[in-house]
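Read the structure below first, then the notes.
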Amino acid sequence: MNRVAAALTAALAASLLALPARGQQYPNKPIRIIVPFAAGGTSDILARAIGPHITTAWGQPVIVENRTGANGNVGADYVAKSAPDGATLLLSDVGALAINPSVYVDMPFDPAKDFAAVVMVSYSPHVLAVHPSVPVGSVKELIAYARANPGKLNFANSGTGGAPHLAGVEFAARTGVQWAYIPYKGGSAAVTDVIAGNANVLFNGMLATYPSVKAGRLKGLAVSSARRVPSAPELPTVAETLPGFETGSYQGVLAAAGTSRAVITKLNAELTRILNTDDMKEFLAKQGTEVRAGTPEALGAFIVNEKARWAKVVKEAGVKAD
């Protein structure tokens, strides 16, 4: 072998050996977690709780950035079109990803093709709550009052077609109540307006809503989980009045499609570890939220199943974004 060939062979071998090393270096720059909803909502609270743990483990800054609009589509689209290097992640209510294709005529991305699922984060039941001035103290009383006063109640929600909105749609369809839907740019804004008395009733993620119930700023009527929540034993389930009623906020982390399997695997393992630490589990449990970490495949399958479930509700109710 002549010297030129030997040099080329050596250079090729060195480059091949360097490939795994570069993969093992992830992350080698700051990580951004894009939250497609306003600050103070469930996704935002979770992102800001998880971020410091990633920094401690990997030594890289984690920046939480809120990119709101179109019930999560603006922030999700930004991540879908970002570099597939694991440096830009989406932490979102995965219900929005699953539901939006049925609500929006022109989707800027394909939830099934433009993302790489990383991990399910948590499940937080919705809280059914009203402004303290609404003269009801239970789900049965709310139904009776709303039926007796059709159109009087305004239902605040985190955005047209979002899981909290469709929880209200399903509740109304099953009970025959009529109320006006008022969309906001995120759950925190909806909660704030009900507290202010500008709207009357809402379903919203427990993590972002229950503190206001405990503080007396909202009157909690029920939770939307199948069973009562240990940290809020005073709240019955909606299902105790409407058997089988179950909704909630399922949060997940996704990256841009094309992100390497090695990066997805590393992210999944680290986020699963963080979510199962005692302090994180305790933090979430106190607010009625369950850790639901699992495989990337499990999250991907969940989104597909939720899309099919809610497409039927959206079609029957005629829900469309403006």
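Derivation of every value follows stated rules applied to the coordinates shown; laboratory data play no part. Just so it is clear, the model here is predicted, and its values are computed rather than measured. Cβ coordinates were reconstructed from backbone atoms using ideal geometry, including for glycine residues, and neighbour counts include every protein chain displayed.
Assorted remarks:
- Computed over the alpha-carbon pairs of segment 111-171, the distance histogram in 5 Å steps reads 3, 13, 19, 21, 17, 9, 5, 6, 7, 1 percent, short to long.
- Phi-derived couplings, Karplus 6.51 cos²θ - 1.76 cosθ + 1.60 at θ = phi - 60°, listed residue by residue for segment 167-176: 4, x, 5, 5, 4, 5, 5, 7, 10, x Hz, with x used for Gly and Pro.
- Relative contact order for segment 221-298: 26 percent, from Cα pairs under 8 Å spaced at least 6 residues apart, divided by residue count.
- Cα-projected label distance for A180 with A308, points at 7 Å along beta-carbon direction, nm: 3.9 nm
- Charge dipole (Cα centre; +1 on Lys/Arg Cβ, -1 on Asp/Glu Cβ; no other charges) of the chain amounts to roughly 160 debye.
- Relative contact order computed over the chain (Cα-Cα under 8 Å; 6+ residues apart), in percent: 26 percent
- Centroid-to-centroid separation of segment 35-73 and segment 143-220 [C-alpha atoms, Å]: 24 Å
- DSSP-defined beta bridges in the chain - what % are antiparallel, rounded to 5: 60 percent
- When each of Y123, Y184 is scored by the number of other beta-carbon atoms lying within 10 Å, the sequence from fewest to most is Y123, Y184.
- Listed residues S133, I195, Y210: farthest to the positive end of the dipole of the chain (Cβ charges): Y210
- For segment 257-311 versus segment 84-128, the gap between their alpha-carbon centres in whole angstrom: 12 Å
- Close amide H partners of I63, meaning residues 5 or more places away or on another chain with modelled amide H under 5 Å apart, are I31, R32, I33.
- Computed over the chain, the ratio Rg/Rh where both radii use C-alpha atoms and Rh is Kirkwood: 1.07
- Given +1 at the Cβ of Lys and Arg, -1 at the Cβ of Asp and Glu and no other charges, the dipole of segment 126-240 around its Cα centre is 60 debye to the nearest 20.
- Within the listed set A208, A172, A255, the residue fluctuating most in the Gaussian network model of the chain (springs between alpha-carbon atoms under 10 angstrom) is A172.
- Judged by the mean number of other Cβ atoms found within 10 Å, the most tightly packed of the peptides 212-223, 66-77 leads the ranking 66-77, 212-223.
- Simple label model, 7 Å out from Cα along Cβ direction - K152 to K140, nm: 2.0 nm
- Near A116, the amide H atoms lying under 5 Å from its own belong to A255, A256, A257; only residues 5 or more places off or on other chains count, and H is placed 1.01 Å from N.
- Which of A232, A301, T265, positive extreme of dipole for segment 221-308 (C-beta unit charges): T265
- If you model segment 212-300 as an ellipsoid using its alpha carbon gyration tensor, with each semi-axis the square root of five times an eigenvalue, the axes come out at 32, 16, 11 Å, biggest first.
- Across P27, P111, P164, mean-square fluctuation computed from a Gaussian network of the chain (C-alpha pairs under 10 Å connected) peaks at P27.
- Beta bridges per DSSP, both residues in segment 126-240: antiparallel share near 55 percent.
- Principal axis dimensions, segment 58-201 - Cα atoms, whole angstrom, descending: 55, 34, 23
- In order through segment 79-88: 3J(HN,Hα) via Karplus (6.51 cos²θ - 1.76 cosθ + 1.60), integer Hz, x for Gly, Pro: 5, 4, 9, 7, 4, x, 10, x, 8, 10
- For segment 126-240, alpha-carbon Rg over 2.2 N^0.38 Å: 0.94
- Simple Cβ-charge dipole of segment 201-287, Lys/Arg +1 and Asp/Glu -1, about Cα centre, in debye nearest 20: 100 debye
- Stretching K281 away from R217 to a fully extended chain increases their span by 20.4 nm, per 0.36 nm per residue minus the current alpha-carbon distance.
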